[in-house]
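To start, the structure under review is shown below, and the notes come after it.
None of the figures in this text is laboratory data; all of them are computed from the coordinates on show. Since this is a predicted model, take the numbers as computed values, not measurements. Cβ sites come from the backbone with ideal geometry, for glycine too, and all protein chains shown count toward neighbours.
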């Protein structure tokens, strides 16, 4: 097939990640344009993909003013900056891959869906976990009746104490006004998976959570505003020391995420300078963060089943990933990382499915991050654009809107202390 032409809007972490698909499969996709205000990331994308100068832009508005010159736009800007480019490129008839979440408010999400449908284009949203083989195997086992009817779901999102400090205390997703609330920015794909497994509308939601730990009141006595200035006696006892964490990563040879977020030219000198002057060198108890560090969501679905999702920052480093239990009328299923265990009530035995013998291979090209979900999403999106078929994707505009609505309802419940009926 002719390679699908891609315009990358936002060439940071997610834009770069999705664009690597074109490097791995140049016969299927080609990056022909980039819009990015930061010079390093813009130039890296332009040079890597040999993008013509006339298709290299400092803003998405510049690209949107031109006639359509690509088949699809990958919109990978910050959460609060999704709506305007999504609407603009939809009106230009670009198919769209929109990084999750769709938008920071429910009305904006609805407008995006309405615009997509009115212009008859394909919309993919970055719910990459749907495209992992582990999730597809869970879905396959449920559909095959391995545990009977679903009665309840228990889902644990292990953010990781250092991921929380990096992204949600010091980093880009720390403040609701600059990004979005925590459940939307971090957990919307987990609630999307619960909706996917249930295959039924959610009817009511309640939620509780707060910013418990990363607050000024918890700053250790004698601690400085920056980790580089913190007295050794205090810094040595702080699990969130930026000085220790980032510089130790360099010593260990880990030069990618999260260290390269501080400075794309990773070495001890540049990272030390970033810790001295940038946001990632701040004390975690002296930042402008306001998103929660733990939250629980309770859901009831139209089929009578219930679910609970727990998001917590306070899990071990490296413990990032899903932990899922689904309880049915004939058995129970447990997913930890990539391993699935199914217990059968009739035989009183367990069967373990792991990466060595997946039973469902419905997702093609599952390479890359998020357990292969990044590559799986890109493979399916490119195929959908090539065929002009929204159904090639594992979720459509309305399904995505529905799972986002659960997130917005949960946040309303957390803020009001009331059960929210959908």
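With springs only between Cα atoms under 10 Å apart, run a GNM on the chain and tell me which of 240, 196, 25 wobbles the most. Looking only at 240, 196, 25, the biggest GNM fluctuation is shown by 25.
Stokes-Einstein D for segment 258-311 at 4 °C, 1.567 mPa s, Kirkwood Rh over Cα pairs, in µm²/s?
Answer, rounded: 88 µm²/s.
For segment 379-421, the equivalent ellipsoid built from the Cα gyration tensor has semi-axes of 34, 8, 5 Å, listed from largest to smallest. Taking label points 7 Å from Cα along the Cα-to-Cβ direction, residue 203 and residue 225 give a separation of 5.4 nm. Extension gain, residue 341 to residue 120: 0.36 nm times the residue separation minus the Cα-Cα distance gives 75.4 nm. Which residues in segment 2-22 have a backbone N closer than 12 Å to a point placed 7 Å from the Cα of residue 66 along the Cα-to-Cβ line? Taking a point 7 Å out along Cα→Cβ of residue 66, the residues of segment 2-22 whose backbone N falls under 12 Å are 6-8. Note on segment 216-281: semi-axes of the ellipsoid equivalent to its C-alpha gyration tensor, largest first and rounded to whole Å, are 22, 12, 10. Can you give the FRET efficiency for residue 330 and residue 105, using 1/(1 + (r/R0)^6), R0 = 45 Å, r = Cβ-Cβ distance, to the nearest 0.05? The value I calculate is 0.65. Can you tell which of 374, 344, 71 shows the greatest fluctuation in a Gaussian network model of the chain with Cα springs below 10 Å? Residue with maximal mean-square fluctuation among 374, 344, 71: 344. Here the label points at residue 218 and residue 348, each 7 Å from Cα along the C-beta direction, are separated by 4.5 nm in the simple model. At the listed q of 0.09, 0.12 Å⁻¹, the Debye profile of the chain, built from one uniform point per Cα, gives log10 I(q)/I(0) equal to -0.59, -1.06.
Over all Cα atoms in segment 4-121, the spread is summed up by Rg and Dmax: 13.3, 38 Å.
Label sites at residue 308 and residue 143, each approximated as a point 7 angstrom past Cα along Cα to Cβ, lie 3.0 nm apart.
Comparing 391, 269, 28 in a Gaussian network model of the chain, where Cα atoms under 10 Å apart are tied by springs, the biggest mean-square fluctuation is seen for 269. Semi-axis lengths, largest first, of the ellipsoid equivalent to segment 1-61 are 18, 12, 9 Å, with √(5λ) applied to each eigenvalue of the Cα gyration tensor.
Tell me, what is the FRET efficiency for residue 48 and residue 421 to the nearest 0.05, using R0 = 60 angstrom and their Cβ-Cβ distance as r? It comes out at approximately 0.75.
Each part reduced to its alpha carbon centroid, segment 37-107 and segment 370-422 end up 20 Å apart.
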